[in-house]
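Just below is one structure, and these are the notes that go with it.
Taken together, the values in this text are just the output of simple stated rules run on the coordinates, not laboratory data. Bear in mind the structure is a predicted one, so any value in this text is a computation, not a measurement. Positions of Cβ are generated from backbone atoms using ideal geometry, with glycine treated the same way; all protein chains shown enter the neighbour counts.
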Amino acid sequence: HGCGARRATPPRVARSGGHQYNEMLNKRYEAFKHTLELKDTKEQREAAEERSLKIMAEVLANTVLVGWTGPLTFKGEPLEYSVANSEKLLLVKEFQNDVAKKANDFRNYRYDVEEADAKNSSPTSSGN
C-alpha cells in the first residue's frame with residue numbers, strides 16, 4: 001500500500017454500520033455540519049474534504065478498527081494498537097479506504113463465524 005504503513009497482517013475490523021458507528025458518525029457530522037456543507041469555494045471544498053477525512057478517521061478508530069497483530073510501522077516508527085494510533089493511521093486516505101472496504105465486506109464476517117464455529121465444535125484434547 002502507498003499509505004506509509006507496513007503491516008505483517010491485515011487490520012482487525014468490526015462491521016461498520018452498527019449502532020455505535022452510526023451514532024458517532026451522526027454526532028460528528030452535526031458538530032461540523034457547517035464546514036461539511038459549505039462548498040462554494042475551492043478552500044471551502046478542501047476544508048470540507050479534510051474535515052470529512054478527520055471525522056471518518058475518528059469514527060472508524062473508535063468503532064471499526066479493533067486492532068492489528070504483528071509488527072506495524074508507520075513512517076518508520078513501530079506502532080502498537082491504540083485508538084489514538086488507529087486514528088493517526090486512518091488519516092491516511094488509502095489506509096482508511098482499505099479499512100472501510102474490509103468493514104463493509106460481509107464475506108469477512110461469514111468466514112470469521114465459520115472459523116469460530118469450527119473451533120467451538122472441534123473435539124478437545126481430552127476427547128470430550
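Could you tell me which of the pairs 54/75; 42/93; 27/101; 27/102; 75/101; 33/75 are separated by over 28 angstrom between their Cα atoms in the structure shown?
33/75
If I model a spin label as a point 7 Å beyond the Cα along the Cα-Cβ vector, how far apart are those points for residue 47 and residue 83 in nm?
About 2.8 nm, to one decimal.
If amide H atoms are built 1.01 Å from N in the plane of the peptide, which residues on other chains or at least 5 residues away come under 5 Å of the amide H of residue 12?
Here 66, 67, 68, 69 satisfy the definition.
Give me the distance in nm between label points sitting 7 Å out from Cα along the Cα-to-Cβ direction at residue 12 and residue 39, one decimal.
3.7 nm
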